[in-house]
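Notes to accompany the following structure.
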Amino acid sequence: MTMNSTLRIGLVSISDRASAGVYVDRGLPALQDWLAATLSTPYETLERLIADEQDLIEHTLKALVDEHGCGLVLTTGGTGPAPRDVTPDATLAVADRVMPGFGEQMRQISLRFVPTAILSRQLGVIRKQALILNLPGQPRAIQETLEGLKDKDGTVVVPGIFAAVPYCLDLIGAARIETREERVKAFRPKS
């Protein structure tokens, strides 16, 4: 069990141009807005805007988990096949365990919109008592992968990855979180 009952969430936007001030980062605001609309329990966020540098990404992820006690870290950006897209490589370098289902489901959702979703290297890993998820870079794609796809009546057609996050956090010993069911219905087995 974690000593801190409030979940700390690390938010990391990875972009050479946004971190250099060439354009305004949209990843961090998208993550903040989505969490505010979705989580019903208290949480704290720690935000970082950094360049696509593997050593910097590794250091940031380690610091958020090891030093700041984040139980969940969400990254956005740097998951494609371009040489500068090194977020998954850095994430794997700091991982204790890979959780392949998260990346598989994110690609399933994105394939509903673009055939190039197969080029994505998004993934989920566990480091100590933290879940790290590499999300896409566009705000709409962030929402779709987290929340899933719904029909016009609001019925979930393709589940988003966040439905599994609260139970995963329970299993690894992170702080418990609850969601607003109209946004994401968290799944926990009845036991």
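The values are calculated or read from the model by the stated rules, or taken from the named source; none is laboratory data. These figures come from a predicted structure and were not determined experimentally. Because the Cβ atoms are built from the backbone with ideal geometry, glycine has one as well, and the counts that use them run over all protein chains shown. Just so you know, the surface numbers come from the protein's heavy atoms only, side chains and all, with ligands and any DNA or RNA stripped out. Shrake-Rupley method; radii C 1.70, N 1.55, O 1.52, S 1.80 Å.
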Taking a probe of 1.4 Å and leaving out DNA, RNA and ligands, region 1-76 shows per residue an accessible area in Å² of 48
Once both label points are put 7 Å beyond Cα along the C-beta direction, the Lys128-Phe187 separation in nm becomes 3.0
Using amide H atoms built in the peptide plane, which far-off residues or other-chain residues are under 5 Å from Met99 H to H?
Gly124, Val125, Ile126
Taking amide H positions as placed 1.01 Å from N in the peptide plane, with prolines and chain starts having none, which residues 5 or more places from Leu46, or on another chain, fall under 5 Å of its amide H?
Ile9, Gly10, Leu11
On a straight-distance basis, which lysines could pair with Lys185 in a cross-link, Cα separation under 28 angstrom, same-chain partners fewer than 8 positions away excluded?
Lys128, Lys150, Lys152
Hey, how many Å between the Cα centroid of region 169-191 and the Cα centroid of region 77-99?
26
Ignoring ligands, DNA and RNA, how do His59, His68 rank by accessible area with a 1.4 Å probe, largest first?
His59, His68
Leaving out ligands, DNA and RNA, and with a 1.4 Å probe, what % of the accessible surface on the chain is carbon or sulfur?
53
Two-site label geometry, Lys152 and His68: point separation in nm, points 7 Å out along Cα→Cβ:
4.3
On full extension of the chain, what length is gained from Val114 through Asp33, given 0.36 nm per residue of separation minus the C-alpha to C-alpha distance?
26.7 nm
Distant alpha-carbon pairs in the chain (separation over 19 angstrom), percent
56
Charge sum, other residues only, whose C-beta stays under 12 Å from Pro88's C-beta, Lys/Arg counted +1 and Asp/Glu -1:
-3
